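Heads up: the structure comes next, in structure tokens.
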Amino acid sequence: MYGYVNDALGLSQLGLDEEVSKKIVLEVLDFVTQGLSSKPDVDTVLRRIKRFKPQVDELVSAKMLELIKRPTREQLEYIVYSGGRAAVAEVSRLYKLAKEYGREDLIATLQYLWTKYGIRSPVQCPKCGFNSVMPDYSCLVCGAVVTEKYVRDALDFTNKLNSFVKTASVGELRLAVERGYVLVGEDGVYHPLYRPSKPSVLFQVYLKSDEVALIVEEIEGRSQPI
């Protein structure tokens, strides 16, 4: 069935070595025929390839990334536009290659895929444009490192801190003063021991002296008798 499946997948247009094509076709055949009680004919296989196209495309992309050290422009285009989660798993490698080839359209698609499937950060990297700056202040995609000031500005830290000071309990405010830092994410500022109910990227931001003073003032104000 090699020839039929190879044509159905469009692999002949990607300039792949025959050995690579055969390995990909075998992977696809294993995937689309699993669960069948008897050997399927060509028409059945082709129908199942069409039926499971998104999964097949992702499988083909993952296999290409595994077998090809340096994808060509055409191969890169296929992987980015069809790879889905497989492309996100190799986003750093694909970004660098797209940059080298001057394919800003592919970079934009990778950014979309990252937002959909990747570890989305509330802080956008100033170098590559991905929302991929992690709590250690480095970009997971391109490796750039940002400053704490950049993170503070990107997260609108001052306004979120003011909101935290007004709404947090005295215990949470004391904890922030004792530890000297707070956690900040897309939705707000939290005390140092905060644990989100769902996975999210939180940054540890150390408090400046005037910010500590603001919190202490709030604590003392609440402690005053009415």
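Tabulated values for the structure
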quantity	calculated
Filter result for Val123 (of a type outside the set (D, E, K, R), open to solvent by less than 50 Å² (accessible area, probe 1.4 Å) and within 9 Å of the chain's Cα centre (by Cα))	no
Tally of residues being closer than 21 Å to Gly188 by Cβ and surrounded by fewer than 17 Cβ atoms within 10 Å (Cβ to Cβ) across the range 126-135	2
Single residue of Glu104, Glu100 found to be open to solvent by 80 Å² or more (accessible area, probe 1.4 Å), within 19 Å of the chain's Cα centre (by Cα) and modelled with pLDDT of 95 or more	Glu104
Within the range 52-66, considering residues that are in contact with a helix residue (DSSP H, G or I) (Cβ under 8 Å, 6 or more places away or on another chain) and surrounded by fewer than 16 Cβ atoms within 10 Å (Cβ to Cβ), the one farthest from Leu14 (Cα to Cα)	Phe52
First in the range 46-73 and not assigned by the TED database to the domain that holds Gly10, second anywhere and loosely packed, with under 15 Cβ neighbours inside 10 Å and not in a helix (DSSP H, G or I), Cβ under 8 Å, 6 or more apart	none
Positions within the range 15-34 being farther than 20 Å from Leu76 by Cβ, among the aliphatic types (A, V, I, L, M) and surrounded by fewer than 20 Cβ atoms within 10 Å (Cβ to Cβ), in sequence order	Leu26, Leu29
Cross-chain or 6+ apart pairs with Cβ under 8 Å, the range 92-110 first and within 16 Å of Tyr81 (Cβ to Cβ) and in the same structural domain as Glu77 (by the TED database), then open to solvent by 50 Å² or more (accessible area, probe 1.4 Å) and among the basic types (Lys, Arg)	Leu97/Arg70; Tyr101/Arg73; Arg103/Arg73; Ile107/Lys99
In the range 1-24, the residues that are under 17 Å from Glu66 (Cα atoms), touching a residue at least 24 places away in the same chain (Cβ under 8 Å) and part of a helix (DSSP H, G or I)	Leu11, Val20, Lys23, Ile24
Filter result for Val212 (open to solvent by 20 Å² or more (accessible area, probe 1.4 Å), β-branched (Val, Ile, Thr) and out of contact with any Ser or Thr (no Cβ under 7 Å at 6 or more places or on another chain))	yes
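The values are calculated or read from the model by the stated rules, or taken from the named source; none is laboratory data. Small disclaimer: the values here were computed from a predicted structure and weren't measured. Glycine gets a Cβ as well: all are built from the backbone with ideal geometry, and neighbour counts include every protein chain shown. Note: areas computed on protein heavy atoms with side chains; ligands, DNA, RNA excluded. Shrake-Rupley method; radii C 1.70, N 1.55, O 1.52, S 1.80 Å.
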